[in-house]
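Accompanying notes for the structure given below.
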Amino acid sequence: MTRDEALSEIKTFQSVENVIFAMRIIAKVGTVTDIFTLMPIATNNSTNPSIKKLATDAICSIIKESLLTKFNELTPDMRQKLAKILQTLDPKIINDLSRDLLSNDNERRLSALQMLGILKRHPHVKDVLARLLQDKDVKIKATAVALLGKMIGPNDQHLVLMLLSDEDKRVRANTVEALESMGDPQLLPILSQYRKDPNNRIRGNVLKALYNLGQTGIEEDLLDMLTATDPLQKASALWVITQLKYNNKKVIDAAGACLLCDNKMVHRNAEAAMTAIGTPRCMGYLNYLGRIVRY
């Protein structure tokens, strides 16, 4: 029985045996669009209990596989809708994802972790993410701390603070972002220790976090990065300026000078910074220096 034949059998409902078989087919080969056919059956209390369970199982199977294998192909809005349906129909979904997180397939593990991020309302998600902070896979650990930062409060800070000294720079950079998202000014003394970090992304994240948490005196730090010989330092400083719309004359002048840089990323970030601030001074830099170097 093909997918189309299975859907036709479900819609016409001529035989319970055939519908049961069709449901099992759809559970394996169904697509997101098939959910609309199955939902009325899964949510109707008068539906045959066996058929209702099969419809529910099929919907959950389709959603889970779609999120695991096509996560980046789905729009954020669609992901949220699918996650909401999944949480409603399958209270045990976190247990299933925990098994996927133990998979030998790294891509499947990462997709399962991304799914946890959109199932954040589930009471056990935080516990699973906290355990992943000890994972040997750096990509998993870095993603886990980024997701955890969006859902923990002041009482959970200890879960991520230890990762500020992690040996992997991606993990440390994501940890800074996670701490910033908590919005706790008491973290300023801790974050200040990393404002001169040699890694450009960590340093940029720290300056952005310090500013957003109330320590706005980052002018000299930005100038140090903008005048560094390393283009990555320049690019990260310009990213910070863009994010904060940091309107400071000395910093704008140094950022404007970056429009003359022959590094494509630095030049692009300088254009973004000038555009984000948008003052006449910034637009002047864009209109004159921005024309000299073109990519």
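The values are calculated or read from the model by the stated rules, or taken from the named source; none is laboratory data. Just so it is clear, the model here is predicted, and its values are computed rather than measured. Because the Cβ atoms are built from the backbone with ideal geometry, glycine has one as well, and the counts that use them run over all protein chains shown. For accessibility, only protein heavy atoms count, side chains too; no ligands or nucleic acids. Shrake-Rupley method; radii C 1.70, N 1.55, O 1.52, S 1.80 Å.
Brief remarks on what is shown
- Accessible surface of the range 96-233 [probe 1.4 Å, protein heavy atoms]: carbon and sulfur percent: 49 percent
- Per residue solvent-accessible surface (Å²) - the range 27-136, probe of 1.4 Å: 56 Å²
- Axis of helix 200-212 versus longest Cα principal axis of the chain: the two differ by about 90°, to the nearest ten degrees.
- Mean sequence separation of contacting Cα pairs (under 8 Å, at least six apart), scaled by the length of the range 200-295, corresponds to a relative contact order of 24 percent.
- Matching the structure-derived log10 I(q)/I(0) by the Debye sum over Cα atoms at q = 0.08, 0.12 Å⁻¹ against the labelled list (i) -0.38, -0.79; (ii) -0.51, -0.86; (iii) -0.39, -0.87 gives the label (ii).
- Sequence-distant contacts, meaning Cα pairs under 8 Å at least 6 residues apart, place the relative contact order of the range 65-125 at 39 percent.
- P(r) tail fraction, the range 54-142 - alpha-carbon pairs more than 19 Å apart, %: 35 percent
- Take the range 177-295 with all the other protein chains still there, run a 1.4 Å probe, and you get 48 Å² of accessible area per residue.
- Relative to the Cα centre, the charge distribution of the range 42-197, modelled as +1 at Lys and Arg Cβ and -1 at Asp and Glu Cβ, gives a dipole magnitude of about 260 debye.
- The Cα center of the range 29-44 and the Cα center of the range 237-266 differ in position by 51 Å.
- Put a dot 7 Å past the Cα of residue 188, heading toward its Cβ, do the same for residue 288, and the two dots end up 3.7 nm apart.
- Sites residue 18 and residue 70, calculated FRET efficiency, Cβ-Cβ separation with R0 25 Å, nearest 0.05: 0.30
- Neighbourhood charge, 10 Å Cβ-Cβ cut-off, centred on residue 194 and excluding it, Lys, Arg +1 and Asp, Glu -1: +3
- Extending 7 Å from the Cα toward the beta-carbon at both residue 249 and residue 134 defines two label points whose distance is 5.6 nm.
- Cα gyration tensor of the range 120-276 - equivalent ellipsoid semi-axes, whole Å, descending: 30, 16, 13
- Gain on full extension, evaluated as 0.36 nm per residue between residue 44 and residue 2 minus their Cα-Cα distance, stands at 12.6 nm.
- Kirkwood radius and radius of gyration were both taken over the C-alpha atoms of the range 117-167, and their ratio Rg/Rh is 0.94.
- With 20 Å as the limit, the listed pairs 196/264; 53/84; 136/196 have 196/264; 136/196 beyond it between alpha carbons.
- Reachable aspartates and glutamates, given that their alpha-carbon falls under 19 Å from the alpha-carbon of residue 169 and they are not under 8 places away in the same chain: 135, 137, 177, 180, 197, 230
- The alpha carbon gyration tensor of the range 75-198 gives principal lengths a ≥ b ≥ c with a/c of 1.5 or higher and a/b greater than b/c, which makes the shape prolate.
- Relative contact order of the range 96-215, defined on C-alpha pairs under 8 angstrom at six or more residues apart (%): 18 percent
- Accessible-area composition of the range 27-79, carbon plus sulfur, in percent [1.4 Å probe]: 56 percent
- Summing charges over neighbours of residue 180, with a neighbour being any other residue whose Cβ is under 14 Å away from its Cβ, gives +4 when K and R count +1 and D and E count -1.
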